[in-house]
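Here the structure comes first, spelled out in structure tokens, and everything after it is commentary.
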Ligand code: ZN
């Protein structure tokens, strides 16, 4: 009886949360959405193909026959020797992440990780904004998704099914990508909102353009933050609380001052600076890079990083279930007005 009620409630809530969380996505993407898709793509292609810089001249291009195009939400190519690049390719929605995109991302990371010719992986994004977060308008069904972790029973009633879904699709995938034994670099422009941080933060290095901003405003929804809760490790405890309590976006310069990003570069140099950094790193032996990465990650783990993430994830689901009891929704519906007014 209770299970049946909870199952129906969860179903309603998931539908509602889709509309609620999707709204800020639509807001931040409004300018892009107002233009035809082909126009955005054309502009992007023009930017890339007409860009000229001396750094690129020293980089050896890869065989174009190795460029992959099997995925629909991302692209995969090898722009320079020993470097794979994965690009978020949903600029019409500011690269909002649905489960298809997350699954394709995971497949692409696996491909790069398993390719013996690849030493460095770049994660880039099409359009003005790196990512506006999770696109739950697409729903939270795991149908058609092939899990790569051990979580299961995604359709179970009550808290069970949705917790398993978030554990698999959010925390599980992020932690998996964080542990790829090759250096990873995020190439970031524009806005990075909430779930967008969950793609940036698992990367080892972050190169961003001067217009980049970073925010996690979901405390307004009655939860603690996004699901991959590494905020204190990324920006320090004080700024983490500032970002979470206020929901404000920090600038690229502020992120640099707090060690959250590796370098800030002019927008027109973002791609070339990122590839130059990747090329420089890729000249080193794979074993040295792997051991260096693992040593730093082990240090973070000794500081309790994984345990902290799991603890916060448990509290995150206290928030979801609190909201379900009070608002019949996984998030507080009042949050949407707050986030909209401050976007
Ligand atoms: Zn959640």
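Take region 256-329, drop everything but the C-alpha atoms, weight them equally and run the Debye formula without solvent; then report log10 I(q)/I(0) at 0.15, 0.25, 0.26 Å⁻¹ to two decimals. Debye output, listed in q order: -0.83, -1.11, -1.12. Take each peptide in 328-336, 147-155, count the other Cβ atoms within 10 Å of every residue, and average; sorted highest first, the result is 328-336, 147-155. Here region 164-240 yields Rg over Rh of 0.96, to two decimals, using C-alpha coordinates and the Kirkwood radius. From least to most packed, judged by other beta carbons within 10 angstrom and beginning with the fewest, 214, 109, 221, 313 follow the order 313, 109, 221, 214. Shown for 223, 207: other C-beta atoms within 10 Å of each C-beta, ranked fewest to most, produce the order 223, 207.
Over what distance in Å are the Cα centres of region 185-220 and region 99-156 separated? Using only Cα atoms, the two centres lie 16 Å from each other. In plain terms, the residue of 293, 241, 182 with the fewest other Cβ atoms within 10 Å comes first and the most crowded comes last, giving 241, 293, 182.
Each listed q (0.31 Å⁻¹) maps to a log10 I(q)/I(0) for region 141-193, found by the Debye formula over equal Cα scatterers with no solvent: -1.18.
Rounded, prolate or oblate for region 160-298? Axes are the square roots of the Cα gyration tensor eigenvalues, ordered a ≥ b ≥ c, and the cut-off for rounded is a/c under 1.5. Oblate is the answer for region 160-298, as a/c is 1.5 or above yet b/c matches or exceeds a/b. Placing a pseudo-label 7 Å from each Cα along the Cα-to-Cβ vector at residue 160 and residue 287 gives an inter-label distance of 4.8 nm.
Each value in this text was obtained by applying a stated rule to the coordinates, not by laboratory testing. Note that the structure is a prediction, hence the values are computed from the model and not measured. In this analysis, Cβ positions are derived from the backbone assuming ideal geometry, glycine residues included, and neighbour counts consider all displayed protein chains.
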